[in-house]
Each structure stands twice: as structure tokens, then as C-alpha cells.
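The values are calculated or read from the model by the stated rules, or taken from the named source; none is laboratory data. Since we're looking at a predicted model, the values are computed, not measured. Note that each Cβ is placed from the backbone with ideal geometry, even for glycine, and that neighbours are counted across all protein chains shown. Just so you know, the surface numbers come from the protein's heavy atoms only, side chains and all, with ligands and any DNA or RNA stripped out. Shrake-Rupley method; radii C 1.70, N 1.55, O 1.52, S 1.80 Å.
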Amino acid sequence: MTGFAVLDLETTGVRYRTDRVLEVGVIQLDGDLRETLRWATLVNPERAVTAEDIHGISATDVHAAPCLADVAEDLMALLTGRVLVAHNAVFDVNHLMLGLERAGVPLPERLPAVVDTMRLCSRVAGARSLAQACEVLSIDLASAHEALSDAEATAEVLRRTVNLDRDALPGATASYSRHSDTGHWRGGPAVALSLADDPVVAVARTGAALTWPALGDAVPTPRLGYTRQAAENTRRHDTGYLARLVSRLPVVDDDPDSDSGPYLTLLDEALDDRLITHIEADSLVAAAQELGLSQFEIARANVAYMDALAAAAWADGIVTDQERTDLLAVATLLGLPAAAVANALDVARDHSEQRRTSARRIAAKPGDRVVFTGAMSRPRCDLAAQAQRAGLVPTTSISAKTGILVIADPHSQSGKARRARDLGVRLVSEPVFNEICTDLTCPPSDTEAVST
């Protein structure tokens, strides 16, 4: 069956060779430009996620998503026998084809017909960007820079420009092939179209020539993609994982002499990056079982941990919005309600609770090397200056001598984060880094510091 496949990609950046695909949206249209199928998936780029301020996708969103190799067969099935449509097609074609090539997918020698709606709309309506095209053509672009939403808008741009001038479509259609010098895919003259046919019918027919060597004659039904909603569901599932595991512990304490101290130590280490992985959660529950702790004692220990964090937040006499957000994130990981945070802050404020400093428990000291990765809440230069004031040494690369990696997203797959994990370097969140710097700049006396 001939027709069109409207494609939109969200990527980590604009460079074809070094940036990676983060999200794919495809809308299939029949020969009359009516929608017949829509499909989308997030893609794990297997590297650091950048340009988050544009596409809104974080490392946490894609850590459980399939990589491009995993969805390559689905993509080929969606595009087979169809004319590819994209806004600024050279961008999407290159990221798609070079990404599939890196995934080891055999590629066709050419894409026989690609419609660039940017060229089409520029000729018909005098607009170039997708946002401009939607404004000129009165199209609602609900969620810009979400792949499926942008693909939906692109499909509507195609319909409305064709309705305005059907004869303009062949001029916006090109055949793409790899350039022998650069390795990039470039547009050239499209297949000759029959002048006797309606332009839309003639262009749609050329898509039938698109086949993929990796599929042969068999075109499978695309599987469901891993969407942004699926990522949100995964996040909710992951954040409650520890609480679900704890529910397996005995309700009543079997050992009156049990001690939650070792459990709290493990919890302290696990939460420095504000993420409890499944491995860490399993270890915490295993420790609780070995210590003979009950659900009640674990709940009490988690509340005690929250109380200690709240005391740390009040140590300078003020609780910032960032500190409060950080406490709420920890509460979610521990399966505690938001009310537990409010209560812990009230107790810490009213009783001026003291704490063991973050610098002491992490064994951070002046002269330690610190590295940053990801987009923090403040400019990198400000963080480096803060580290220097605390006596830490900011560096740009990870080595066995690195003391701390400050990480913006606990699921980061940046080269720094991967190497730090391999070397056993301590990963901490930005709020914990702030605490460390405060501790090193104005250290409390031994009598002021207490353990969690």
C-alpha cells in the first residue's frame, strides 16, 4: 500500500556524527493524506542527554528506553513502501540514517522520495520553521519539540499546503542518497513523476520503491513504543520500589536487640546521588533482614533519616526551595508522605536539631578533586568557585584520584558518570555538594556534629 510516513526526531543536538536520537514520532498517512497509524518511542542514546531545555527529555526518562538498534525493525516497518515526510528533512534523514548505520542496520542505497514540508511551506505560504508554518496556517502546535506532536503538526502542514497548491508538492520532493565525501545524506532530483497523474498520487506512488535490506520481503507489525507516558510510569514504579520491598519484611520485630545503624549507613550511601537503584534497594532490604528489622523499624529508621536531612537544611537558619524539593524527592524514594517532610522540618526548626555533616560522612576534605556533569541549577563557573572556597579542587576529567562527581541527573550516562561508577568515585547530587561545601567552609565542632 502506498502512502506517506511523517517523521519527527528529537535529538541530543544538531551534529549528525556526534549527537544521538532521543525520541521518534511517526504518523502514517494514506494516499489521500488521512491518518492511518501513529507511533512514538523514546530512545536511549547511550550517552549524555543534552539540550534538555529544548526537548524536555532527561536521562531519567530514557534510562529504561530501548536503544535505536532495539527499535530499528519497527522503524523500518513503519517507513517501508512509503514516502518519507519531515520538516527540514535533511536533519531528520541524516540523524535517522546515520543512527541506523551505527546500530548496524544495512541501509538502502537511497530514499527514493522524501517530502520536505519546510521547502513546501516556504514556497506556498512563505514560512520556514515549523512554528512559523503552524502560525501562518492556523495549526495548533500543542507540544512543540515532542516528536509525535511535531509529526502531527507536520502532517497537518502537508495537508494544508497541498490544499493550497497541489502542484507544489513535486518540487518539494527529493531523492536522498549518501554523499561519497562526507558520508552525509543529501537530497537530489526525485524520480520522474507522471504528468498525467494527480501530483499527490504521483508522489505517493514513488514511495513503493523504498525497501530495507534488513527486512527483505517480510514487514513485521511495529511493536508499541516506549513513550513519555511510559517513562513517567517507570519513574513512579522505580521510586516506590524500596517501599514495595520493605513490605516483605515482618510486620512485628522478631529481634528486640536489632540495630538499624548499619541499615542507615547503607541508606546514607545509596541516597547521596538521590537515586535508589534496584540493586541498592535489594541490598537495603537484605541488610534489614539480616539485622532482624521489621517494617515498623525500617519506617522509623527512614523517618529518622528524614529528620537528619531536615536538621541539615535548618543548619544555616533557612530552608530554601531547592532544599525543600530535595527533601520531597528523598521522601518519595523512601515511600514517605509529603507530610513527613513538613513534620521533620518543624521538629528541626523547633528543637534546633544538630547533625553529622555531609563532608564528614562522605569523608570529603580540602584538596579533594571534584568534577561536575550535567546541567545544574547554577552556572558551572559558580559551582567551581564555590568548590574552591571550600578548599576543593575543581577538575574536568574523572580519574582514580577524583574524590566526588557532582551529578545533575542520577541516571546520567555521560562519559564522566560511567567512568566514575567504574572507578568507584562517590556520586552526589547538587544539594549534597552544597552541604559539603558549607561543612568545609564553616565546619562545626565535634560536640555540634551528631550521626544520623
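General observations
- Per residue value of the accessible surface for the chain (all protein chains in place, 1.4 Å probe), Å²: 46 Å²
- Of the DSSP H helices in the chain, those whose Cα atoms cover at least 18 Å axially and whose Kyte score averages 0.5 or more: 89-102, 295-314
- Relative contact order [Cα under 8 Å, 6+ residues apart], region 134-235, whole percent: 15 percent
- In the chain, Cα pairs under 8 Å separated by at least six residues give a relative contact order of 15 percent.
- In this simple spin-label model, placing a label point 7 Å from the Cα along the Cα-to-Cβ direction at both Arg128 and Thr325 gives a separation of 3.5 nm.
- Cα-centre dipole for the chain with unit charges at Cβ (Lys and Arg positive, Asp and Glu negative), debye to 20: 1520 debye
- Unit charges at the beta carbon, dipole of the chain: most positive-side option, Gly335, Tyr176, Val425: Tyr176
- Expressed to the nearest 5 percent, the antiparallel share of DSSP beta bridges inside the chain is 60 percent.
- Förster-model FRET efficiency, 41 Å R0, Arg244 and Val14, C-beta, rounded to 0.05: 0.50
- Accessible surface ranking for Glu52, Glu430, 1.4 angstrom probe, highest first: Glu52, Glu430.
- Put simply, the amide H of Ala113, placed in the peptide plane, has neighbours under 5 Å in Leu84, Tyr176, leaving out anything fewer than 5 places away on its chain.
- Radius, Kirkwood style, for the chain when every pair of distinct Cα atoms is counted (Å): 25.1 Å
- Remark: relative contact order (region 303-350) = 54 percent; criterion is Cα-Cα distance under 8 angstrom and separation of 6 or more residues.
- A protection proxy built from the mean count of other Cβ atoms within 10 Å ranks the segments 72-82, 268-278, most packed first, as 72-82, 268-278.
- Shape of region 288-353, Cα gyration tensor, a/c cut at 1.5: prolate
- Multiplying the residue separation of Asp198 and Arg110 by 0.36 nm and removing their Cα-Cα distance gives an extension gain of 29.3 nm.
- Taking the Cα centre of region 297-418 as reference, the dipole from Cβ charges on Lys and Arg (+1) and Asp and Glu (-1) amounts to some 700 debye.
- Projected label points at Ile279 and Arg389, each 7 Å from Cα along the beta carbon direction, are separated by 3.6 nanometres.
- Peptides 405-416, 150-161 ranked from most to least packed give 150-161, 405-416, packing being the mean of other C-beta atoms within 10 angstrom over each peptide's residues.
- The calculated FRET efficiency for Lys365 paired with His184, based on their beta-carbon distance and R0 = 51 Å, is about 0.55.
- Selection from Pro222, Thr438, Leu7 lying farthest towards where the dipole of the chain points positive, charges on Cβ: Leu7
- Unit charges at the beta carbon, dipole of the chain: most positive-side option, Tyr305, Leu96, Pro379: Leu96
- Accessible heavy-atom area order of Met306, Met118, highest first, probe of 1.4 Å: Met118, Met306
- Label-to-label distance for Ala339 and Val219 is 5.8 nm, based on points extended 7 Å past Cα in the beta-carbon direction.
- Segments 83-90, 287-294, 227-234, 20-27 sorted - mean Cβ within 10 Å per residue, highest first: 20-27, 83-90, 287-294, 227-234
- FRET efficiency, 1/(1 + (r/R0)^6) with R0 45 Å, evaluated for Ala69 and Thr265 via beta carbons: 0.65
- Helical content alone sets the calculated 222 nm signal of the chain at -13500 deg cm²/dmol, taking -39,500 (n - 2.57) per DSSP H segment of four or more residues and averaging over every residue.
- Accessible area of the chain belonging to carbon and sulfur atoms, whole % at 1.4 Å probe: 52 percent
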